[in-house]
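Student: The structure's right below; bear with me while I get my questions together.
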Amino acid sequence: MKDKTMIKYFKACSQPQSNYAVEHFVDGSQFTPERRFRQSVIELEVASDTYLEIEYNLAKEKIKIKKLKGKLFNANKGTDSYDLLSLKVDRHIYKQEQTVRKLAGKRKEMDQHIQNLKQAEDELGFTEETTEEEIYKILQNAESEYYLIKLASDTAAHIISQRGGPSVGVSLALQQMPKCDIDMFQRTLQGMLSAISTNSYVPSLHGGGGIEDIMLNGDNAVADNTLKREE
């Protein structure tokens, strides 16, 4: 594979967490708008710290490369020392490029946190004029509602799992997703149940087809069962 192609792939996959994961399972993993706001702020602060650390490492790499290039300029070509220095320069240049990609990926993740934070701001009606004390009071007053919802959802998920339903983790994770994706999950689940119960080959699990094929398999299975019941 060409180096240019690999670099392109590295850049395309440099974001630590996908926008979907950040929106629904990180910042959006909380049940109330107050908690979503708080989570977005915390995650943005952590991401900002990481971004600054990456920037610091990038600056150090640039200094190392400059020093090594100076030594390489004064070294005698054809010697082991020169060859070793040349390899070190190449190694640190690669690390610098890698750090630049990490910086760009973290920036994309931060942008998603900022987008989520703005959405939470709108939900709560926070503006530039809303004071720190007002925000603090609103967030604190909403805690009882959050814990009531959380305890009820945890208990409900546990009861469902004990009755043969999906695990607690799966049930709770589904509640973080948009309605359209929950509907797609149900159809995909039906398709996988149909395939696994009959030991059918599922092309989508082996790089062929897509999730639509799995859902269609489930739709057909439901239709077949309906026909059999009617007969």
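The numbers here are math on the coordinates, done by the rules we state, and not lab data. Just so you know, these numbers come straight off a predicted model, no measurement behind them. Positions of Cβ are generated from backbone atoms using ideal geometry, with glycine treated the same way; all protein chains shown enter the neighbour counts.
Student: Taking the stretch 72-96, which residues are surrounded by 14 or more Cβ atoms within 10 Å (Cβ to Cβ) and among the charged types (D, E, K, R)?
Tutor: Answer for the stretch 72-96, where residues must be surrounded by 14 or more Cβ atoms within 10 Å (Cβ to Cβ) and among the charged types (D, E, K, R): K88, K95.
Student: From the residues in the stretch 1-16 that are in a loop (DSSP other than H, G, I, E, B) and out of contact with any Asp or Glu (no Cβ under 6 Å at 6 or more places or on another chain), which one is surrounded by the most Cβ atoms within 10 Å (Cβ to Cβ)?
Tutor: Applying the filter and picking the extreme gives S14.
Student: Can you tell me which residue among D80, D49 is charged (D, E, K, R) and more than 26 Å from D111 (Cβ to Cβ)?
Tutor: When all the criteria are applied, what remains is D80.
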